[in-house]
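Structure, as structure tokens:
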Amino acid sequence: MGIGNGSPSDSRHVSHKEIRDETTPLLPIKEEEEGIHEFNGASFSGAVFNLSTTIVGAGIMALPASIKMLGIIPGILMIILVALLTEASIDMLVRCSHEGKITSYGWLMGETFGQWGRIVLQASVVINNIGMMIVYMIIVGDVLSGTSTSGVHHRGIFEGWFGPHLWNSRPVVLLATTLFVFGPLVSFKRLDSLRYTSALSVALAVVFVVITAGIAIVRLIEGTVEIPKLFPELDGTNSIWELFTAVPVVVTAYICHYNVHSIDNELEDRTQTKPIVQTSLALCSSVYIATSFFAYLLFGEGTLADVLANFDSNLHIPFSSVFNDVVRVSYVVHIMLVFPIVFFALRLNLDGLLFPTARHISRDNRRFAIITGSLLAVIYLAAIFIPSIWDAFQFTGATAAVLIGFIFPAMIILRDPYGIATKRDKILALTMIVLAVLSNSVALYSDALNIIFHRKVEA
């Protein structure tokens, strides 16, 4: 894996002096030191699966509700538009990084905007990723152990199969998951080590799409589904404002920028980065569009904010309960396999914030173990004691995601530290910033009004 300019010849002859950024999210794996053996570079397919797993997380379950709000045609167009903007923003990062021989997003922000640029980027990644992983663990607990909302108890898979017991209670199940699933998976120091679990994660997402599509088609043939609306139903200014709340959901579903450098650095040939990103985005967009369309077709206006909750009811087909369990099990395993990919970037960026001048975390086993264990403990405790965190992360998650995915890459291109930006690049960058700021400002405003309104109603 190269840390130089990315060319195949240069990547084999990199000295320690060229490793300028000690928070670079990669290992010096071309050198055999501290027990790290020679690594000949990640494969194209492994890189595609790792990037795809970074993209397809819990966001896939919120997209059908966005389609319900926007209508099928605007919703699908929004998914495609955000995918294209994501590809453009990643291309901005990669081109600048290759030109400056830079091997991490934080380093690039530091080179462009100084120390505070790096700190703001790393803090945004920490906020975004720790929020996502708490939500992942909450979902695992909800699916396996059940949850109660508004006085209604939704049975978990274990509770449905074996009845309520201490061993399948939420704290015990999440503790076992943390110790025996998340713990081993997050102990890897190289992202490419997760390529097989990433491939399985993507396959499970496809299984969810196939099952949902199959059930929707059967119900459509039987004539038991409603014809979905193609466009949103607008009945006033408030409805128009509410449409913008779908934007952060779609944007968050594509955030993967914090792992792009890690994947790029592990490639033998870094010219493959662009086709890898394009392939991954095409795959994820196909999964997103299929999931959104068929889930909305199946559940119609009853589509919930987390469509997984819709699979806790009668699907009006033979073996409905079996399909419900298959969908929920496949999705919860998918979430478990996404967790270490997102955790990888969280650990690196938190370490960069806390120990900016220390040697790379992969070379310090004690620091690696302490940060890993501490993060797992915080995430576990948050998932147990603060399960109602959705309102908070509507703000922090959406804001951090937009900064990471669009505003920071566009600001780098506008600053153009390496003189590579074209006029088209700068126009596109300015457009991205304007769209991101306007859409998310309106979305946050609308979310705030909704929260205030609901609390007044509850009072």
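Cross-link check: pairs Lys101/Lys189; Lys274/Lys423; Lys68/Lys274; Lys68/Lys423; Lys229/Lys274 evaluated at a Cα-Cα cut-off of 26 Å; pairs beyond the cut-off: Lys68/Lys274; Lys68/Lys423; Lys229/Lys274. For region 308-371, rounded, prolate or oblate, judged on the Cα gyration tensor with a ≥ b ≥ c (square roots of eigenvalues), a/c < 1.5 rounded, else prolate if a/b > b/c? Prolate is the answer for region 308-371, as a/c is 1.5 or above and a/b outweighs b/c. Each of Phe355, Phe180, Phe406 has its accessible area taken with a 1.4 Å probe; listed largest first, they run Phe180, Phe355, Phe406. Across Ser198, Ser441, the residue with the most accessible area heads the list, and the full order at a 1.4 Å probe is Ser441, Ser198. Evaluating 6.51 cos²θ - 1.76 cosθ + 1.60 at θ = phi - 60° for every residue in region 190-204, the Karplus couplings come out as 10, 4, 5, 5, 9, 5, 6, 5, 5, 4, 5, 4, 5, 4, 5 Hz, glycine and proline recorded as x. When Val322, Val342, Val329 are compared by accessible area at a 1.4 angstrom probe, the order from most to least is Val322, Val329, Val342. Estimated at the nearest 10 Å², the accessible area of Tyr254 is 0 Å² with a 1.4 Å probe. Classification of region 220-323 by its C-alpha gyration tensor yields an oblate form. The axis ratio a/c (a ≥ b ≥ c) is 1.5 or more, and b/c is at least a/b. Peptide packing for 78-91, 160-173 was compared via the average number of neighbouring C-beta atoms within 10 Å per residue; ordered from the highest value, the list is 78-91, 160-173. Residue-normalised convex hull volume from the C-alpha trace of region 42-456: 145 Å³ per residue. Heavy-atom accessible surface of Lys229, to the nearest 10 Å², is about 40 Å², with a 1.4 Å probe and all protein chains retained. Please say if region 263-356 is rounded, prolate or oblate, where rounded means a/c under 1.5 for a ≥ b ≥ c the square roots of the C-alpha gyration tensor eigenvalues, and otherwise the choice is prolate for a/b larger than b/c and oblate otherwise? It is prolate, given that a/c is not under 1.5 and a/b is the larger ratio. Amide H to amide H, with H built 1.01 Å from N, Asp306 comes under 5 Å of no residue 5 or more places away or on another chain.
The values are calculated or read from the model by the stated rules, or taken from the named source; none is laboratory data. Here the structure is a predicted model, which is why all the values come from computation and not from measurement. All Cβ positions, even for glycine, are placed from backbone atoms using ideal geometry, and neighbour counts span all protein chains on display. Accessible surface areas use protein heavy atoms only, side chains included; no ligands, DNA or RNA. Shrake-Rupley method; radii C 1.70, N 1.55, O 1.52, S 1.80 Å.
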